[in-house]
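For reference, the structure is listed below as structure tokens.
The values are calculated or read from the model by the stated rules, or taken from the named source; none is laboratory data. None of these values were measured; they are calculated from a predicted model. Note that we place each Cβ from the backbone using ideal geometry, even for glycine, and neighbour counts take in every protein chain shown.
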Amino acid sequence: MASQKHLASFILFFLLNSCVKQCIAAVIPVGVVLDLNSTVGELAESCISMAVSDFYAVNAHYQTRLALFTRDSRDDVVGAACAALDLMKNEEVHAIIGPQRSSQAKFVVDIAEKAKVPILSFSATSPSLPPNRSPFFIRTAQNDSAQVKAIMALIQAFGWQEVIPIYEDTDYGNGLIPYVTEALHEVDVRVPYRSVISPSSKDIDILEELKKLKETQTRIFLVHMTASLGSKFFVSVKNAGMMSEGYAWIITEGLSGLFDPLDLEIMDSMQGVLGVRSYVSMSKDLEDFERRWTSNFTSGKPTYKSIPGLNLFGLRAYDTVWALAMAVEEAGIERSSFLKQNNGSKCKVDLAALGISEMGPRLLNAILTTRFNGLSGDFHLVKGQLEASAFEIFNIIGKIERIIGYWTPKKGLSRELDDTHHGEVAYSISKDKLKQPIWPGDTTDQPKKLRIGVPIRYGFNQFVRVEWHPHTGKPTISGFSIELFLAVMDLLPFCLGHEFVPYVNESGHAGTYDELLYQLKIKKFDAVVGDITIVAYRSLYVDFTLPYSESGVSMAVLMKDNEKENIWIFLKPLTWDLWLIIGTVSIFTGLVIWVLEHRENPEFSGSPNQQICIIFWFSFSMLIYGYRERVMNSWSRLVLIIWLFVVLILTQSYTASLASMLTVQQLKPAFVDVTEIKRNGYFVGYHRDSFIRGLLVKQLNIDESKLKPYSTPEQYHEALSRGSQNGGVAAIFDEIPYIKIFLAKYGSKYTMAGPVYKTDGFGFAFPRGSPLVPYMSRAILNVTEDKEKMKEIRRKYLAPQKPCEDLGPEIIPSNSPSLGVYSFGGLFIITGLASMSSLLIHVLRCLRLHWPASNNIPSEGSFWLRFVKLVKHFDLEYQCSPPPSINGSTPNPAMSPEGLGASHRIDDMHNHSRTFNETADNASVAEDDDDEIFPLGHGDTSVDVPNDLL
């Protein structure tokens, strides 16, 4: 009994002490401006009320207490301003929590700055209202622009290249869009259209706007709305049939933070939607608060269905009250004071009568430095707003929100949020870091598959081959271009879904390449893949990637037998001027040898006719099989050796050139120039449904009546083999890759000839302005530079071409060039100098030894007559050296020319010649007997030059 009395006394003392402290504690009036009829407003009011109770239950020793005065802004900017004025003038509040919307806060901030009253908003998140606009505006939430990077990472992860923003036409909606658009441009994502929805729009207005969106090619949408408009919008989306397979929807934090309050009908209309919102770590305090908060509303208001669950805005409102209460205590306010301005107005909302808060500046500084761990996470203000933290990415499936990953500024996307990791982690935008989402239409297939048009070809299908399954009727697409496209897709930094669609025109037939490319302009296809040639007029309505193969236009012609022209082919290895130079130099060399050997070598003696024959015989015999005559003069041997070297080189070059002509040039193209074809009026073939026809008509000026289209290599073969005069064509113009395929099959009968009309090669086509073009071009460069990869693809589809051979032109020349004078000019100069030098030295020597005998030459007559006399004199009377000794005997002076009388010289000429020949014969016999060559003149030794020296 005594113990019970003591316990009752203690309780009574505690209550009295608390009442005394509360009476002693300073009461600080604080205003609250909310839209009490909205979901967020109702939720925030309840959380704020609980926050005051919870804070002072924990901090009962504080010397200050917050007194809340709540006003309803009635979802109106003017209403919010009037509520704030009323609180500041009549309630003399020193801080205001709210208002709820960014448009309202923008107006109220200007008023609060005049009264120096801090404004703390937990829901005005528009970037158009920055805290630096007014020092008295504090955002106890994250700026909406903080989530932009997380949204961009999500878009990049799934490889979406076009996104349409859909936002409400308010300050809240318009404030974020410039940041989103700029971020999308930085990652090369197009924004082809912006959809603006008015908050006052009716269902029929929303459906009309959705109809416009449905007609666009884009299927990826980013929705930035508040809960009141967003819930109505997504119901209309489902009714419009746009919440189905092939679509993707992403919602921002303004809507994603309110899913708990949404009813089942709205949740059902958002199946497959992806959302981004701030990450809130679940703690024991948060679980306890959520349980108490739910208990209060379900027990106190059993019919209250508008707030069935807690959300992020409620938690931030709760933390805002705690931060304000801590700041008031830290500021050391003992009593509240509000300086009023004197004026005669009695109006409750007169701006002139608005007072100034004394504690406002001190309270502002205290709030900015307040930091604690609240229910929504770490409360830390940076530059007047809550610091950006991690975001969670969720997927709406059924009645739940399934977390598929997280985003942080340092790590990017990740499947799990590891806050304990302190090492360097690479920033990731890979979708592999996320769990598999369930997309609208209850499918795991990624939305926005590229519809890729491919041509249907009936010939040259090595590049694109379309085959239909006999039972299912589904097409199978393969070929060189398709294989290379898939290799390019594997190198893209993002995953891009696609499907190949064979193109048929309205009549159900395979359309032309130009018709196929036009489908990009009318947005039937997202890309065109195949052997598409890059030409100028096509670039007017499509964008091409870099070419993946070189190309050009040439003509395939029949090979003509050249055997009839081979009767004179032995003359073709050398040009006519070279033949003439060889003959001239040969005769000149023979003449020089005759001059040097005439008086010393009996084999160069005889009648004038015989000597002329010897000169020509000696000259040309050296060209063919060598010479047989022995030379005795040293200068003759020098000239002969140099000339034989020249003849050796000429002979080898002639043999090689002739052999090449006889083996390679048996066939030649029937035509090498389109001019000849046009002049003779021949028919010309071209590749059906290609741009070649326009090139032939406009650029080459060929009559359209002379053009015949063909599609397959077999048709090419048949048309060329018939010829233009028999119902075929004289030549077929096509791109070089196709001609090579044709020649690989019929190469022994045809060839590629004529000039090459350059084109930019094959490329992939996309709509004008497509952001995929630079990504594809960079990937094409990487693939084409991979020699092994290209070798493998070529071997698979373009055999029997050489694996490493490029698809560039290979032109067979019509004629091999003949050898000209310039090629052997150095040799002719050397042999000419040697011959002229030897001849000049010999003549000067003769003149020096026998100049006195020249006095017998008459001094009268013409120069030519005197020259002839001089030549005859030296030819008949003189030798350039004493006669040779026979058997070592000394020559008889009487037998020398000087010892003979003039009258005896001509009579003894015959005997002298005979004696000289007999002496030579004796010397020859002596050579055979003694294996020694005896000197015949001047002490020189006669040497036999082998006939096989050549």
Hits in the range 153-173 - residues which are surrounded by fewer than 20 Cβ atoms within 10 Å (Cβ to Cβ), closer than 17 Å to residue 254 by Cβ and modelled with pLDDT of 90 or more = 169
With the first residue restricted to the range 177-188 and required to be in a helix (DSSP H, G or I), and the second required to be of a type outside the set (Val, Ile, Thr), Cβ contacts under 6 Å at 6 or more apart or on different chains are 177/165; 177/167; 179/127; 179/145; 180/165; 183/152
Out of the residues in the range 737-782 that are free of Cβ contacts under 8 Å to residues at least 60 places away in the same chain and touching a helix residue (DSSP H, G or I) at 6+ places or on another chain (Cβ under 6 Å), state the one that is farthest from residue 549 (Cα to Cα).
-> 746
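Quick one: which residue in 580, 558, 591, 596 is part of a helix (DSSP H, G or I), of a type outside the set (Lys, Arg), farther than 21 Å from residue 485 by Cα and at pLDDT 80 or above?
Numbers: 558 fails: part of a helix (DSSP H, G or I); 591 fails: at pLDDT 80 or above; 596 fails: at pLDDT 80 or above.
From the options 580, 558, 591, 596, the qualifying one is 580.
So that you can scan it fast, the table gives a plain yes or no per residue for (1) over 21 Å from residue 144 (Cβ atoms); (2) modelled with pLDDT of 90 or more:
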| site | (1), (2) |
| --- | --- |
| 239 | yes, yes |
| 243 | yes, yes |
| 246 | yes, no |
| 251 | no, yes |
| 257 | no, no |
| 261 | no, no |
| 264 | yes, no |
| 268 | yes, no |
Based on what the data block shows, is residue 154 more than 20 Å from residue 99 (Cα to Cα) and touching a residue at least 12 places away in the same chain (Cβ under 8 Å)?
-> yes
Quick check: is even one residue across the range 67-89 part of a loop (DSSP other than H, G, I, E, B), touching an Asp or Glu at 6+ places or on another chain (Cβ under 7 Å) and either at pLDDT 90 or above or not charged (D, E, K, R) (or both)?
-> yes
Among the numbered conditions (1) outside any loop (DSSP other than H, G, I, E, B); (2) modelled with pLDDT of 65 or more; (3) among the hydrophobic types (A, V, I, L, M, F, W, C), tell me where residue 310 comes up short.
-> (1)
Test residue 538 against the criterion of being surrounded by 14 or more Cβ atoms within 10 Å (Cβ to Cβ) and not assigned by TED's automatic domain parsing to the domain that holds residue 766, and give yes or no.
-> no
Please work out which residue is nearest to residue 434 (Cα to Cα), limiting yourself to the range 151-163 and to residues that are within 23 Å of the chain's Cα centre (by Cα) and part of a loop (DSSP other than H, G, I, E, B).
-> 158
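Taking the options 218, 226, name whichever one is closer than 28 Å to residue 196 by Cβ, at pLDDT below 90, within 38 Å of the chain's Cα centre (by Cα) and surrounded by fewer than 23 Cβ atoms within 10 Å (Cβ to Cβ). Explain how you work it out, then say what you get.
Numbers: 226 fails: within 38 Å of the chain's Cα centre (by Cα).
Being closer than 28 Å to residue 196 by Cβ, at pLDDT below 90, within 38 Å of the chain's Cα centre (by Cα) and surrounded by fewer than 23 Cβ atoms within 10 Å (Cβ to Cβ) holds for just one of 218, 226, which is 218.
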From the list 430, 481, pick out the single residue that is within 30 Å of residue 744 (Cβ to Cβ) and surrounded by 11 or more Cβ atoms within 10 Å (Cβ to Cβ).
-> 481
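Residues checked against (1) under 16 Å from residue 274 (Cα atoms); (2) within 41 Å of the chain's Cα centre (by Cα); (3) assigned to a helix (DSSP H, G or I):
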| position | (1), (2), (3) |
| --- | --- |
| 149 | yes, yes, yes |
| 165 | yes, yes, no |
| 172 | no, yes, yes |
| 214 | no, yes, yes |
| 222 | yes, yes, no |
| 232 | no, no, yes |
Is it the case that residue 738 is within 27 Å of residue 539 (Cβ to Cβ), in a strand (DSSP E or B), assigned by TED's automatic domain parsing to the domain that holds residue 557 and of a type in the set (Ser, Thr, Tyr)?
-> no
Output the number of the condition that residue 752 fails; it satisfies all remaining conditions of (1) over 22 Å from residue 797 (Cα atoms); (2) among the aliphatic types (A, V, I, L, M); (3) assigned to a strand (DSSP E or B); (4) modelled with pLDDT under 90.
-> (1)
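The rows are residues; the columns are (1) at negative phi; (2) within 44 Å of the chain's Cα centre (by Cα); (3) among the hydrophobic types (A, V, I, L, M, F, W, C); (4) buried (at least 24 other Cβ atoms within 10 Å of the Cβ).
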site	(1), (2), (3), (4)
81	yes, no, yes, no
100	yes, no, no, yes
103	yes, no, no, no
116	no, no, no, no
121	yes, no, no, yes
191	yes, yes, yes, no
Output for the range 457-477, where each listed residue is surrounded by fewer than 18 Cβ atoms within 10 Å (Cβ to Cβ) and not basic (Lys, Arg) | 458, 459, 467, 468, 469, 470, 471, 472, 473, 475, 476
Looking at the range 653-668, is at least one residue at pLDDT 90 or above, surrounded by 15 or more Cβ atoms within 10 Å (Cβ to Cβ) and among the aliphatic types (A, V, I, L, M)?
-> no
Hey, any hits in the range 498-507 for a residue that's in contact (Cβ under 8 Å) with a residue 60 or more places away in the chain, on the phi < 0 side of the Ramachandran plot and either of a type outside the set (Lys, Arg) or not in a loop (DSSP other than H, G, I, E, B) (or both)?
-> no
